[in-house]
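Worksheet: one structure, shown below.
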Amino acid sequence: RQRLRAAKKGTSPADQGFTRPTVLVLLPFRSHALAFVKALLELLPDAIEQVENKARFLSDFAQREGEPPIPRAKPEDYRSMFEGNTDDCFRCGLRLSRKSAKLYAAFYKADLVVASPLGLRLGVGGAGEARADSDWLSSIEVLLLLHADVFLMQNWAHVARVLSLLNATPSETRDTDFSRVRPYALDGLS
């Protein structure tokens, strides 16, 4: 409706943020990210014919070879939490288009980012670091913290750092069409 009204007025609708990524999914282990992305890909419409870098993703996130199985004596909840690849340092962007999906998309071109708090923390850098690049977090609309209790056992400071960077005004414009940025984001209220 907003696009139709804008078309009648001859203006473009204010329907975007500063950057493209709008969904951030934080997961504690690669095995959980693998399960999440597999489920997400199953839900995509039939019009999406191709998933780029899927083999690489499956290889990177699958259980490591030679990893000993979890003993049967462990409780079921423990086994379900820790089975598979338990590496806690990862990040992956997912870009969707009309006919394809691309895993390992650059963050500024991704629609959805799946990562661990540690992986993001290492990627965005610390406060005051020269290499810190967190502008792509400026337009996150949906944040999923799955298995947040595990983040407490890993390092909650990484989660707190990532949360402090969400929806901040970016330091660089990076191809932003300001005529389409939502007014509340331009006013610094996001």
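The values are calculated or read from the model by the stated rules, or taken from the named source; none is laboratory data. In this text the structure is predicted, and so the values were computed from the model without any measurement. Note: ideal-geometry Cβ built from the backbone for every residue, glycine included; neighbour counts use all protein chains shown. Surface areas here come from the heavy atoms of the whole protein model, side chains and all, with no ligands, DNA or RNA. Shrake-Rupley method; radii C 1.70, N 1.55, O 1.52, S 1.80 Å.
ARG30 satisfies every condition listed in (1) more than 25 Å from ASP133 (Cβ to Cβ); (2) surrounded by 14 or more Cβ atoms within 10 Å (Cβ to Cβ) except (1).
Is it true that VAL114 is under 15 Å from the mean Cα position of the chain (by Cα), aliphatic (A, V, I, L, M) and at pLDDT below 90?
Values: under 15 Å from the mean Cα position of the chain (by Cα): yes; aliphatic (A, V, I, L, M): yes; at pLDDT below 90: no.
So VAL114 fails the test.
Given the structure, is LEU118 hydrophobic (A, V, I, L, M, F, W, C) and closer than 23 Å to ASN155 by Cα? Taking the combined requirement at face value, the residue satisfies it.
Taking the numbered list (1) basic (Lys, Arg); (2) under 12 Å from the mean Cα position of the chain (by Cα); (3) buried (at least 17 other Cβ atoms within 10 Å of the Cβ) in turn, ARG161 passes all entries but (2).
Sort through VAL23, VAL37 and tell me the only one that's within 27 Å of LEU137 (Cβ to Cβ) and modelled with pLDDT under 95.
On the way: VAL37 fails: modelled with pLDDT under 95.
Exactly one of VAL23, VAL37 is within 27 Å of LEU137 (Cβ to Cβ) and modelled with pLDDT under 95, namely VAL23.
Only one entry in ALA73, ALA101 is within 29 Å of ILE140 (Cα to Cα) and of a type outside the set (Val, Ile, Thr), namely ALA101.
Given the criteria open to solvent by 40 Å² or more (accessible area, probe 1.4 Å), among the aliphatic types (A, V, I, L, M) and modelled with pLDDT under 80, does ALA185 qualify?
No.
In segment 74-119, of all residues being hydroxyl-bearing (Ser, Thr, Tyr) and within 22 Å of LEU145 (Cβ to Cβ), the one that is most open to solvent (accessible area, probe 1.4 Å) corresponds to TYR78. Considering only residues in segment 40-73 that are polar (S, T, N, Q), open to solvent by 80 Å² or more (accessible area, probe 1.4 Å) and at pLDDT 90 or above, the one that is nearest to ASN85 (Cα to Cα) turns out to be SER59.
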